[in-house]
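Report on one structure; see the data block that follows.
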Amino acid sequence: MPGIIRQSSEIVEKQLIKFPVGLGAIKSVVLDGNDFPFVDGIRNVIPKGTILKYSATLPDKMTEYRGTGRIEGILKENVDLAARSTAGSEPAPMLFFGVVFNTPAVVGFTQYISALVSSMPTCKFE
């Protein structure tokens, strides 16, 4: 008789923004799901606070900033690609203007601090 295998995961939520933002600071974007590798082959949760830029191959979609290109904003909430993804694309909310960010919640903040500050001059990082 085969055994039952169960898998589970846990996401630790950190507060991304320090102060409430108006609707003008949230932009609806499309993530390039093909650019985010699936960890276990089944699902991939992109964490809120991920720094985003336009994709070099698909200029109408967003991808994770990895040190090249221009930062456009920061992902506002977790996005589960496997559960809702359609043809490698996924809509998501992005914060980009006049936001005060909680720096420990921004993915890669210490690595990309200078690029963040120069690309998002209307935002504060505390």
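Summary table
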| quantity | calculated |
| --- | --- |
| Criterion (at pLDDT 95 or above, within 19 Å of Ser55 (Cα to Cα) and small (Gly, Ala, Ser)) met by exactly one of Ala87, Ala115, Ala92 | Ala115 |
| Filter result (among the hydrophobic types (A, V, I, L, M, F, W, C), at pLDDT 95 or above and either outside any strand (DSSP E or B) or crowded, with 22+ Cβ neighbours inside 10 Å (or both)) within the stretch 63-80 | Ile74, Leu75 |
| Residue in the stretch 42-53 that is touching a residue at least 60 places away in the same chain (Cβ under 8 Å) and exposed (fewer than 14 other Cβ atoms within 10 Å of the Cβ) present | no |
| In the stretch 13-37, residue modelled with the lowest pLDDT [restricted to those that are under 15 Å from the mean Cα position of the chain (by Cα) and in a loop (DSSP other than H, G, I, E, B)] | Pro37 |
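The values are calculated or read from the model by the stated rules, or taken from the named source; none is laboratory data. Note that the structure is a prediction, hence the values are computed from the model and not measured. Here the Cβ is made from the backbone with ideal geometry for all residues, glycine too, and neighbour counts use every protein chain on show.
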